[in-house]
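Okay, structure first, notes after.
Values quoted throughout were computed directly from the atomic coordinates according to the rules given, and no laboratory measurement underlies them. Please read these numbers as outputs of a predicted model, since none were measured by experiment. Cβ atoms come from the backbone with ideal geometry, glycine included; neighbour counts cover every protein chain shown.
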Amino acid sequence: MTIQEELNATVRELVQPGKGILAADESHPTIAKRFKAVGVESSEQKRREYRSLIFSAAGLGESVSGVILFEETLGQNSLDDVPMPRLLASQGIVPGIKVDKGKQPLVNAPGDEITVGLDGLEDRLEIYKNQGARFAKWRNVFHISDILPSRQAVEANAEVLARYAAICQSLGIVPIVEPEVLIDGNHTIERSADVSGEVLREVFHALYRHKVELTQMILKPSMVTPGQESPKASPEEVATATLKVFQRVVPAAVPGIFFLSGGQTPEEATANLNAMNSQGPQPWALSFSYGRALQEPAQKAWAGNLDNGPDAQAAMLKRARLNGAARAGTYRP
Ligand code: 13P
């Protein structure tokens, strides 16, 4: 296959109707936080055990088209001693890999951050591709306050995201472009809409500058919602505000917008996606790329004990199926 054929085939598989992406790419500190919440101390063995369990849930591939892995998991074997990428492929699921190296303060922009990891990215991508990864993810974050994010942060982060995406495509890896406008704070839904619009405009301008092929990428944004400390908006309000921004800024050439859950409860994340897909046809597929909203119930059910494996798998499948239904606007709580 040529690189173009590889990119097209991967995009086609990822955006299949009724399916979305499972983000299981938590870094060591993040997975330690999630495990601690269910009374489990994070270790290589526990991470392998838990991830092996959820990836081998029978039928997962009916509602999950891709899984984003952390580097450690890409090289691990399942409990049945099958390489994790091979286990996923046997479920009809495309393996992907988180490739950014996290964020740090953006110098001379107090409160803003920048994501790092471009140095040596080509070499790492070659290795990941040999291990079975066919798509990648890179996340940049934007904080909202009365004055954040600064123009400096909006521009610098967009530039980095576009450079990452261009490098991925040159190697036949589909980039998931993730500009996350954080939910933290007490802002209004209107402020979230303004910031999301500004961030996305800048991201697409940078993607254009770096000649990224829009038909061969996936956008992974946050939904437009009020801040976590503000009164909640209904799914219809979230859907209307989100679509209003995206219809004005995201080119129709982008095949899929796969939202992150970003601190929404599993039920909210499903209801909000469902409300968007109930508002009639859009130029792009609207799907999910959830971490917490897909895994929280499974992690609770597992609680570090393999005897709870069947319950954890059932909880995982349930959320995956409900979000698969939300993809078509047919989810009923
Ligand atoms: P959440 O859905 O938990 O926000 O995670 C998605 C993700 O991959 C963040 O980078």
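Can you find, within the stretch 284-322, the residue that is farthest from the ligand (Cβ to nearest atom) among those that are of a type in the set (S, T, N, Q) and more than 14 Å from the chain's Cα centre (by Cα)?
Per the criteria, the residue is N305.
Condition first: of a type outside the set (A, V, I, L, M, F, W, C) and away from the ligand (no atom under 16 Å from the Cβ). Now tell me which residues in the stretch 105-127 satisfy that.
Scanning the stretch 105-127 gives P105, N108, P110, G111, D112, D119, G120, E122, D123, R124, E126.
Looking at A239 and the list (1) under 19 Å from S289 (Cβ atoms); (2) within 16 Å of the ligand (Cβ to nearest atom), which single condition is not satisfied?
With respect to (1) under 19 Å from S289 (Cβ atoms); (2) within 16 Å of the ligand (Cβ to nearest atom), A239 is out only on (2).
Can you pull out the residues in the stretch 80-108 that are exposed (fewer than 15 other Cβ atoms within 10 Å of the Cβ) and in contact (Cβ under 8 Å) with a residue 40 or more places away in the chain?
Passing the criteria: R86, G102, N108.
Out of everything in the stretch 167-194 that is surrounded by fewer than 18 Cβ atoms within 10 Å (Cβ to Cβ) and within 21 Å of D123 (Cβ to Cβ), what residue ends up being farthest from the ligand (Cβ to nearest atom)?
Residue satisfying both the conditions and the ranking: S170.
What number goes with the only condition from (1) of a type outside the set (F, W, Y); (2) closer than 18 Å to F258 by Cβ; (3) touching a helix residue (DSSP H, G or I) at 6+ places or on another chain (Cβ under 8 Å); (4) buried (at least 22 other Cβ atoms within 10 Å of the Cβ) that P149 does not pass?
Condition not satisfied by P149: (2).
Could you identify the single residue in W284, W302 that is touching a residue at least 24 places away in the same chain (Cβ under 8 Å), closer than 18 Å to E26 by Cβ and of a type outside the set (G, A, S)?
From the options W284, W302, the qualifying one is W302.
Output the qualifying pairs, or none if there are none: Cβ atoms under 8 angstrom, residues six or more apart or on different chains, first residue in the stretch 1-24 and closer than 19 Å to T270 by Cα and without any contact (Cβ under 8 Å) to a residue 60 or more places away in the chain, second residue part of a strand (DSSP E or B) and within 16 Å of the ligand (Cβ to nearest atom).
Q16/S65
Can you tell me which residues in the stretch 266-277 are within 11 Å of the ligand (Cβ to nearest atom) and either out of contact with any strand residue (DSSP E or B) (no Cβ under 7 Å at 6 or more places or on another chain) or in contact (Cβ under 8 Å) with a residue 60 or more places away in the chain (or both)?
Passing the criteria: only P266.
Kindly check whether there is at least one residue in the stretch 254-264 that is more than 18 Å from the chain's Cα centre (by Cα) and either of a type in the set (A, V, I, L, M) or away from the ligand (no atom under 15 Å from the Cβ) (or both).
No; the residues of the stretch 254-264 include none that is more than 18 Å from the chain's Cα centre (by Cα) and either of a type in the set (A, V, I, L, M) or away from the ligand (no atom under 15 Å from the Cβ) (or both).
Only one of (1) surrounded by fewer than 19 Cβ atoms within 10 Å (Cβ to Cβ); (2) acidic (D, E); (3) within 20 Å of Q91 (Cβ to Cβ) is not met by E41, so which one is it?
Result: E41 passes all but (3).
Among (1) within 16 Å of the ligand (Cβ to nearest atom); (2) under 19 Å from the mean Cα position of the chain (by Cα), which single condition is I144 missing?
(2)
With the structure loaded, tell me whether D80 is part of a loop (DSSP other than H, G, I, E, B) and within 12 Å of F55 (Cβ to Cβ) or whether it fails that test.
So D80 fits the description; yes.
Kindly indicate which of G66, G111 is among the small types (G, A, S) and surrounded by fewer than 17 Cβ atoms within 10 Å (Cβ to Cβ).
G111
Just give me the residues in the stretch 285-322 being touching a helix residue (DSSP H, G or I) at 6+ places or on another chain (Cβ under 8 Å), surrounded by fewer than 21 Cβ atoms within 10 Å (Cβ to Cβ) and not small (G, A, S), in sequence order.
If the condition is that a residue be touching a helix residue (DSSP H, G or I) at 6+ places or on another chain (Cβ under 8 Å), surrounded by fewer than 21 Cβ atoms within 10 Å (Cβ to Cβ) and not small (G, A, S), then R292, E296, P297, K300, L306, N308, D311, L317, K318, R321 are the ones that fit.
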